[in-house]
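Novice: One structure is given below, represented as structure tokens, and several questions about it will come after.
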Amino acid sequence: MVSFELSDEQKMIRDTAAAFAIEQIRPAARAADESGEIPADVIAKAWELGLVRGAIPESYGGYGDIRSAVTGAIVAEELAFGDLAIALHTMAPRLLAYPVLEMGTSDQRESILPRFGTDNFVAGAAALVEPRFDFDPSALATIARRDGASYVIDGAKCVVPLAAKAETILVYAAANSDAGQAGVDGFIVAREAPGLTISEREKNMGIKALETYELMLKDCRVGAEARLGAGKGINFTRLMSESRVAMAAMATGVARAAFEYARTYAKERKAFGVPIATKQAVAFMLAEMAIEIDATRLLVWEAASRLDKGEDALKESYQARNYAAQSSLMVADNAVQVLGGHGYIREHPVEMWLRNARAFAVLDGIATV
Amino acid sequence: MIDFELEPQVLKQVEMYHMVAAQMMRPISREYDEKEHEHPRQFWDAMWAASQSLGPAAREAAPSGKDDGGTAKLRNLYTCLSTEELCWGDAGLFLSIPNPGLGGAAVAAAGTPEQRERFLRRFREGQPKWGAMAITEPGCGSDSAAVTTTAVREGDSWVLNGTKIFCTAGQMAAEGSEGFVVVWATVDRKAGRAGIKPFVVEHNTSGMTVVRVENKLGIRASDTAMIVLENCRIPADHLLGKADVKQEAGGFKDVMATFDATRPIVAAMAIGVGRAALDFVRDFLEQNRIPMRYGLSPRRLTTIERDFMEMEVQLKAARLLTWRAAWMLDKGMRNNLEASMAKAKAGKAVTLITQKAVELLGPVGYSRKQLVEKWMRDAKINDIFEGTQQINLLIIARRILDYSSKELN
Ligand SMILES: Cc1cc2nc3c(=O)[nH]c(=O)nc-3n(C[C@H](O)[C@H](O)[C@H](O)COP(=O)(O)OP(=O)(O)OC[C@H]3O[C@@H](n4cnc5c(N)ncnc54)[C@H](O)[C@@H]3O)c2cc1C
């Protein structure tokens, strides 16, 4: 039956995440963007929320929470409302942990998951995006060639979060370049593996506090047991859908941050003797921002609820992701506009949200629910 | 729990409405677009007969903002579903269906229980009837509080004078059936909106004349009437609610509240028209073997894919906002903000979707051999009536900024 109501548990989780975002993340956001460093205590406190450890089975030291894409989307929105870069950093270990949890063999789960069932933040990473303008998750140029009992991986990756710190990186590669999406595999690769080089830290337009790296894979040889899911492989479509839901949910959070800031400003700032919010040209911008934020969230929830029911959500998550990429940019841009010249100055956060929002049309696979 | 899935029983109902749309509306859609002002009697009779055989809940087609206790039934949401289906069939014919309409909604919202029974029971018996609501005047539309039509008390009667325009189903309600028109008039100009009251004017009341039926861009199967009230005398108890100008409740405010219920329905109308166009384009692309590659990087999509996917997701976004607004009403929550969000989004989105459909299909879209051009003409009204795009943005802006209508206008 159709319902737009969160469960009591979801409301509680949302409130916790929201409080954390407002009290811990937001105050650190600007300085982190300028310095590129996220305060260690914010990362540590975020870890204590169980963002990663929560879903790890109790036998591996986790809390054994049932994963829900809807709940995950709600949390992702709230954290990104605080700050996108910090949110992405705190959730990054999921990029390795969740696919292993969901699709790994028991040996793979055994070797990876206990690392995340501990009291302190442990980096984890996945490498999906490639440094090409026509990069497409369903047509990867990174190739894994079977060679006897091992795979040899060749290719280049970029925007790999926390790669320099993660002991292990999940590298996505095409087993056969013509096979399209069904042919994508994940390989659990040690950072120190021969043939794998990690670049200097990347410099991007936004989400500057998130450490990301380029990866070069040249004759990078891994054992057959490194293939996620072993002989069965992975359901890459589902992993992408989960990622798209997470990214779209975070776009909603960034948009809401920009909207709320602009709204408050518009009621205070006076021009021609009256608050600018009393002018329709400004008020209507805010109204449209509000509509688009709600529309985006509903699209995210729809896709997420399909995932929770175990249904295919390729189309829905893709729609939500593309919509969110547009709407969050529009909202952030309007927010800068509402602040006028002041919006352009780094004293206010709206310019940062504009830079961050642009990421959603460009980046894939750097978050998951 | 967040859920967007309709139960099998509901889907069966939706399917039934879809059959009506496909089998009874589509075949006459073009005909009554071309023959503006002619009456699709057969269709009306069939729809009337169908409404008579339904249960009491379904019969009172007019939705009300009143909370019915938040029972398991999602009446407003289901009305949106059936509306979408029927408007997928034909939005003009949908608006022409004999029912209590907006007039009925006003009676339900502002009338006493006795008045509701007295005025609405006719829709459960006899020949097809229409209800209509007349607020708009030549000098005021969006500013509905500026109505100049007057109501003066004389003994046991009210005497109405003024001109109303753009009254949907006005002709059938005022002269074509045993229906009624709910006329908005001021009992006291000085009292402003508090002085504006709704009056039920029965069909064929002397002094009420339909002087003109408009020729329109679209929804041509629906009559849009200009009604002149000249010393139109009606019984005192035809004023809905209370005459007291100090008591705003029972008057303007109540009927403004019906918009919270009707705006999601207008949004659903828009969505029905938009889906008609979208389905047509989808079929066309399939026939021409143009695949939609969902999941592909948007940078690698063709413009046709991008356009189509954009239309599709915009329609879905509008639908989700609409469902939410209707669902909130069903749960007894205040949905004033969400209803305007749904209406503003759907009105705009569907206007653009249908325009894009004509563009994508080229001469096929522009040709009157197909219905696509008609859907583009039909769609536009949804961004105008029940509050224009701008008026809905204004309502949203007031709500999110916590401004009164004095502070933001
Ligand atoms: C086919 C059809 C059916 C209709 N059915 C009915 C019916 O059954 N009953 C009924 O009473 N009415 C009905 N209407 C009237 C309809 O509700 C009005 O046309 C509508 O509310 C707009 O009013 P208006 O035409 O006077 O435009 P105006 O109010 O003159 O508006 C003109 C333009 O100015 C904008 N505008 C106005 N005020 C503001 C503001 N404060 N801020 C920003 N922009 C503003 C509007 O958005 C619009 O773009 C119908 C109209 C049509 C065309």
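The values are calculated or read from the model by the stated rules, or taken from the named source; none is laboratory data. What you see is a predicted model; the values in this text were computed from it and never measured. Note: ideal-geometry Cβ built from the backbone for every residue, glycine included; neighbour counts use all protein chains shown. Accessible surface is based on the protein model in full, side chains and every heavy atom, while ligands, DNA and RNA are left aside. Shrake-Rupley method; radii C 1.70, N 1.55, O 1.52, S 1.80 Å.
Novice: Going through the stretch A:42-66 one residue at a time, which ones are in a helix (DSSP H, G or I), in contact with a Phe, Trp or Tyr (Cβ under 8 Å, 6 or more places away or on another chain) and free of Cβ contacts under 8 Å to residues at least 24 places away in the same chain?
Specialist: We begin by selecting, within the stretch A:42-66, every residue in a helix (DSSP H, G or I); these are A:42-48, A:53-55, A:58-60.
The next check asks that each one be in contact with a Phe, Trp or Tyr (Cβ under 8 Å, 6 or more places away or on another chain); those that pass are A:43-47, A:53-55, A:60.
Matches in the stretch A:42-66: A:Gly54 only.
Novice: Then there is this: Restricting attention to the stretch A:265-293, and to residues there that are free of Cβ contacts under 8 Å to residues at least 40 places away in the same chain and surrounded by 22 or more Cβ atoms within 10 Å (Cβ to Cβ), which single residue is farthest from the other protein chains (Cβ to nearest Cβ)?
Specialist: If we take residues in the stretch A:265-293 being free of Cβ contacts under 8 Å to residues at least 40 places away in the same chain and surrounded by 22 or more Cβ atoms within 10 Å (Cβ to Cβ), then A:Glu292 is farthest from the other protein chains (Cβ to nearest Cβ).
Novice: Let me ask you something else. So in the stretch B:180-207, with the set limited to residues that are open to solvent by 10 Å² or more (accessible area, probe 1.4 Å) and within 20 Å of B:Ser144 (Cβ to Cβ), which one is farthest from the ligand (Cβ to nearest atom)?
Specialist: Per the criteria, the residue is B:Lys190.
Novice: May I pose another question? Can you list the strands (runs of 3 or more DSSP E) lying wholly within the stretch A:183-253 that have 2 or more residues being small (Gly, Ala, Ser)?
Specialist: Values: elements: A:184-190, A:196-201, A:212-223.
In the stretch A:183-253, A:184-190 are the strands (runs of 3 or more DSSP E) which contain 2 or more residues that are small (Gly, Ala, Ser).
Novice: Then there is this: Quick one: in the stretch B:314-330, of everything that is aliphatic (A, V, I, L, M) and closer than 14 Å to B:Gly272 by Cα, which residue is surrounded by the most Cβ atoms within 10 Å (Cβ to Cβ)?
Specialist: B:Ala318
Novice: Still on this structure, I have one more. Filtering the stretch B:142-153 down to residues that are open to solvent by 40 Å² or more (accessible area, probe 1.4 Å) and away from every other protein chain (no Cβ under 14 Å), which residue is nearest to the ligand (Cβ to nearest atom)?
Specialist: B:Asp143
Novice: It is to be established whether one or more residues within the stretch B:256-272 are farther than 30 Å from B:Arg75 by Cα, more than 14 Å from chain A (Cβ to nearest Cβ) and not hydroxyl-bearing (Ser, Thr, Tyr).
Specialist: No, the conditions are met nowhere in the stretch B:256-272.
Novice: Test A:Gly72 against the criterion of being on the phi > 0 side of the Ramachandran plot and of a type in the set (Gly, Ala, Ser), and give yes or no.
Specialist: no
Novice: Looking only at the stretch B:331-352, how many residues end up being more than 13 Å from B:Ala267 (Cβ to Cβ) and in contact with a Gly (Cβ under 7 Å, 6 or more places away or on another chain)?
Specialist: Let us first name the residues in the stretch B:331-352 that are more than 13 Å from B:Ala267 (Cβ to Cβ), namely B:331-334, B:336-337, B:352.
Pick out the ones that are also in contact with a Gly (Cβ under 7 Å, 6 or more places away or on another chain) and you get B:331-332.
So the answer is 2.
Novice: Looking at the stretch B:273-296 only, could you name the residues that are within 14 Å of chain A (Cβ to nearest Cβ) and over 22 Å from the mean Cα position of the chain (by Cα)?
Specialist: Of everything in the stretch B:273-296, those that are within 14 Å of chain A (Cβ to nearest Cβ) and over 22 Å from the mean Cα position of the chain (by Cα) turn out to be B:Arg282, B:Pro291, B:Met292, B:Arg293, B:Tyr294, B:Gly295, B:Leu296.
Novice: Exactly one condition in (1) surrounded by 20 or more Cβ atoms within 10 Å (Cβ to Cβ); (2) away from every other protein chain (no Cβ under 14 Å); (3) within 16 Å of the ligand (Cβ to nearest atom) is not met by B:Val358; state its number.
Specialist: So the condition that B:Val358 fails would be (3).
Novice: Just name the residue that is farthest from B:Glu386 (Cα to Cα) out of those in the stretch B:154-175 that are more than 9 Å from the ligand (Cβ to nearest atom) and touching a helix residue (DSSP H, G or I) at 6+ places or on another chain (Cβ under 7 Å).
Specialist: Going through the qualifying residues, I end up with B:Asp156.
Novice: Of these, B:Met208, B:Met226, which one is within 11 Å of B:Leu160 (Cα to Cα) and modelled with pLDDT of 95 or more? Reasoning before the result, please.
Specialist: Details: B:Met226 fails: within 11 Å of B:Leu160 (Cα to Cα).
B:Met208 is the lone residue from the list that is within 11 Å of B:Leu160 (Cα to Cα) and modelled with pLDDT of 95 or more.
Novice: Further question: Under the condition of being within 13 Å of the ligand (Cβ to nearest atom) and either surrounded by fewer than 18 Cβ atoms within 10 Å (Cβ to Cβ) or of a type in the set (A, V, I, L, M) (or both), which residue from the stretch B:363-388 is nearest to the other protein chains (Cβ to nearest Cβ)? Walk me through how you get there before you give the answer.
Specialist: So the first thing to find is which residues in the stretch B:363-388 are within 13 Å of the ligand (Cβ to nearest atom), and the list is B:377-388.
Subset that is either surrounded by fewer than 18 Cβ atoms within 10 Å (Cβ to Cβ) or of a type in the set (A, V, I, L, M) (or both): B:379, B:381, B:384, B:388.
Numbers: B:Ala379: 18, B:Ile381: 20, B:Ile384: 17, B:Thr388: 12 Å.
Going through the qualifying residues, I end up with B:Thr388.
Novice: Something else now. In the stretch B:112-141, which residue that is within 9 Å of the ligand (Cβ to nearest atom), of a type outside the set (A, V, I, L, M) and not in a loop (DSSP other than H, G, I, E, B) is farthest from the other protein chains (Cβ to nearest Cβ)?
Specialist: Once the filter is applied, the top-ranked residue is B:Glu137.
Novice: Restricting to the stretch A:235-264, and then to whatever is closer than 17 Å to A:Gly343 by Cβ and open to solvent by less than 10 Å² (accessible area, probe 1.4 Å), can you tell me which residue is nearest to the other protein chains (Cβ to nearest Cβ)?
Specialist: By that ranking, first place goes to A:Ala262.
Novice: Quick one: is B:Lys406 closer than 23 Å to B:Gly101 by Cα, basic (Lys, Arg) and either open to solvent by less than 30 Å² (accessible area, probe 1.4 Å) or within 16 Å of the ligand (Cβ to nearest atom) (or both)?
Specialist: Spelling it out, it is not the case that B:Lys406 is closer than 23 Å to B:Gly101 by Cα, basic (Lys, Arg) and either open to solvent by less than 30 Å² (accessible area, probe 1.4 Å) or within 16 Å of the ligand (Cβ to nearest atom) (or both).
Novice: Separate question: I'd like the full set of residues that are aliphatic (A, V, I, L, M) and under 18 Å from A:Glu5 (Cβ atoms), limited to the stretch B:328-363.
Specialist: Residues satisfying the conditions are B:Met328, B:Leu329, B:Met333, B:Leu337, B:Ala339, B:Met341, B:Ala342.
Novice: Does A:Tyr318 satisfy the condition of being in contact (Cβ under 8 Å) with a residue 12 or more places away in the chain and not assigned by TED's automatic domain parsing to the domain that holds A:Asp134? Full working, then the answer.
Specialist: Values: in contact (Cβ under 8 Å) with a residue 12 or more places away in the chain: yes; not assigned by TED's automatic domain parsing to the domain that holds A:Asp134: yes.
For A:Tyr318, the condition - in contact (Cβ under 8 Å) with a residue 12 or more places away in the chain and not assigned by TED's automatic domain parsing to the domain that holds A:Asp134 - is met.
Novice: Scan the stretch B:297-308 and tell me whether some residue there is within 9 Å of chain A (Cβ to nearest Cβ) and of a type in the set (Ser, Thr, Tyr).
Specialist: yes
Novice: Could you give every pair whose Cβ atoms fall below 7 Å, whose first residue belongs to the stretch B:231-247 and is within 12 Å of B:Lys197 (Cβ to Cβ), and whose second residue is assigned to a helix (DSSP H, G or I) and modelled with pLDDT of 95 or more, counting only separations of at least 6 or pairs across chains?
Specialist: Qualifying pairs under 7 Å: B:Leu240/B:Gln115.
Novice: Would you mention how many residues in the stretch A:112-145 are free of Cβ contacts under 8 Å to residues at least 40 places away in the same chain and not in a loop (DSSP other than H, G, I, E, B)?
Specialist: The number of residues fulfilling the criteria is 2.
Novice: Now, a different point. Would you please list the contacts, defined by Cβ atoms under 6 Å and residues six or more apart or on different chains, that run from a residue in the stretch B:169-184 that is in the same structural domain as B:Ala132 (by TED's automatic domain parsing) to a residue that is within 12 Å of the ligand (Cβ to nearest atom) and of a type in the set (D, E, K, R)?
Specialist: B:Gln171/B:Asp223
Novice: Can you name every residue in the stretch A:45-77 that is surrounded by fewer than 19 Cβ atoms within 10 Å (Cβ to Cβ) and among the charged types (D, E, K, R)?
Specialist: A:Lys45, A:Glu48, A:Glu58, A:Asp65, A:Arg67
Novice: To continue, here is another question. Mind listing just one residue for me: the one in the stretch B:208-241 that is touching a strand residue (DSSP E or B) at 6+ places or on another chain (Cβ under 8 Å) and polar (S, T, N, Q) and, of those, farthest from the ligand (Cβ to nearest atom)?
Specialist: First, pick out the residues of the stretch B:208-241 that are touching a strand residue (DSSP E or B) at 6+ places or on another chain (Cβ under 8 Å): B:208-214, B:216, B:222-236, B:238-241.
Next cut, polar (S, T, N, Q) only: B:209, B:222, B:224, B:231.
Values: B:Thr209: 17, B:Ser222: 7, B:Thr224: 4, B:Asn231: 21 Å.
Result: B:Asn231.
Novice: For the stretch B:8-41, what are the residues that are surrounded by 12 or more Cβ atoms within 10 Å (Cβ to Cβ) and part of a loop (DSSP other than H, G, I, E, B)?
Specialist: B:Lys35, B:Glu36, B:His37, B:His39, B:Pro40
Novice: Within the stretch A:11-41, can you find the residues that are part of a helix (DSSP H, G or I), among the hydrophobic types (A, V, I, L, M, F, W, C) and within 22 Å of A:Ala249 (Cβ to Cβ)?
Specialist: Going through the stretch A:11-41, the residues part of a helix (DSSP H, G or I) turn out to be A:11-35, A:40-41.
So of that shortlist, the ones also among the hydrophobic types (A, V, I, L, M, F, W, C) come out as A:12-13, A:17-22, A:25, A:28-29, A:31-32, A:40.
If the condition is that a residue be part of a helix (DSSP H, G or I), among the hydrophobic types (A, V, I, L, M, F, W, C) and within 22 Å of A:Ala249 (Cβ to Cβ), then A:Met12, A:Ile13, A:Ala17, A:Ala18, A:Ala19, A:Phe20, A:Ala21, A:Ile22, A:Ile25, A:Ala28, A:Ala29, A:Ala32 are the ones that fit.
Novice: Quick check on the stretch A:97-151: of everything there that is more than 14 Å from chain B (Cβ to nearest Cβ) and hydroxyl-bearing (Ser, Thr, Tyr), which residue is farthest from A:Thr368 (Cα to Cα)?
Specialist: Going through the qualifying residues, I end up with A:Ser150.
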